[in-house]
Amino acid sequence: MTLRRAARAGKYLVLSVAAFLSLFPLLWMFVSATNSSVDVITGRILPGTHLLENLRELHATTSITRALWNSFRNASVATIASLFVCSIAGYGFEIYHDRGKDILMRILLLSMMIPFAAIMIPLFIMVGRLNLLNTTAAFVLPTISTAFLIFLFRQSARYFPTEIIESARIEGLNELGIFLKMYIPVMRSTYATGAIITFMAAWNNYLWPLIIMQSSDSITMPLLISNLIAGYTTNYGMLMLAVAISVLPTIIVFLLLQKSFAEGIVSSVK
């Protein structure tokens with residue numbers, strides 16, 4: 001019994017250390033947002049009194065409000081559009097299953113191996129010819145359909161009861177009605193999983209906005225933070241505050257959907 005307790009205590013100790021090491025950079029970032037630049041450089045790990053000063057300087061030197069709004073708008077639109085398109089595709093791949101769709105699905109999965117840098121220039125040329133630079137549409141269109149999300153919804157659709165579909169068809173419900181009224185409510189956890197993944201990826205996207213957002217009015221949070229680092233001197237207290245503000249939306253989204261996120265991952269890998 002003593003050995004079992006000792007083993008359990010050892011496991012909790014290892015997990016506690018691992019949790020602390022994982023959370024410490026995040027905690028240090030929030031603490032540094034309250035310190036001056038000199039305190040951050042010297043490695044101060046206690047909260048300071050420069051939070052309001054950093055906030056005033058951040059508002060005075062950057063368009064933080066506009067960047068937050070642009071990031072939130074772009075990420076929200078990209079998330080909603082991606083979930084709608086990819087869920088329909090995943091549903092269709094599985095419910096209307098045949099050999100041709102299996103081959104197409106393999107091709108889609110192979111496309112995940114192509115780095116974004118390889119298609120960046122053709123995408124930029126297309127967006128430029130469509131006069132979509134500095135717009136949300138330019139941000140959303142390249143990510144509106146991803147092989148990973150389609151695969152996620154396809155895997156989840158495998159466990160959607162086909163008896164429900166057959167019963168609905170007998171009752172006279174059309175295919176779109178089945179998808180909207182039956183599939184979506186049952187797959188809420190998968191939608192939550194896709195929402196977290198897509199929102200975080202869109203919010204933290206740096207390279208594509210750097211190319212297409214060519215005016216100060218369309219700047220996003222990753223671009224704003226990059227601009228803070230690009231000067232001759234860096235105010236690290238203000239920089240840490242900007243990073244902390246940028247991280248908060250993704251933390252909130254994850255905390256709100258974390259339970260459904262776990263359920264969606266489990267259901268998709270059964």
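Normalised by 2.2 N^0.38 Å, where N counts its residues, the alpha-carbon radius of gyration of region 62-268 equals 1.18.
To test your reading of the geometry: what angle, between 0 and 90 degrees and rounded to tens, separates the Cα axis of helix 236-268 from the longest principal axis of the chain? Helix 236-268 sits at roughly 20 degrees to that axis.
In this structure, the amide hydrogen of Gly48, modeled 1.01 Å from its nitrogen in the peptide plane, lies closer than 5 angstrom to those of Thr34, Asn35, counting only residues at least 5 positions away or on a different chain.
Using a cutoff of 8 angstrom between alpha carbon atoms and counting only pairs six or more residues apart, the relative contact order for region 62-268 works out to 35 percent.
Measuring r between the beta carbons of Leu109 and Leu26 and using R0 = 30 Å, the FRET efficiency lands at 0.35.
In order along region 193-198, phi translates into HN-Hα couplings of 4, x, 5, 5, 4, 5 Hz, rounded to whole numbers, per the Karplus curve 6.51 cos²θ - 1.76 cosθ + 1.60 with θ = phi - 60° and x for Gly and Pro. For the chain, the longest principal axis of the alpha carbon atoms and the long axis of helix 2-32 meet at an angle near 70°.
R0 = 30 Å: FRET efficiency of Ala118 with Tyr232, Cβ-based, nearest 0.05? With R0 = 30 Å, the Cβ-Cβ based efficiency is 0.30. Residues whose amide H lies under 5 Å from that of Asn235, counting only those 5 or more places away or on a different chain, are absent; hydrogens are built 1.01 Å from N in the peptide plane.
Rule-based calculations on the coordinates, nothing more; no lab input. If you're wondering where the values come from, they're calculated on a predicted model, not measured in any experiment. Every residue, glycine among them, receives a Cβ derived from its backbone with ideal geometry; neighbour counts consider all protein chains shown.
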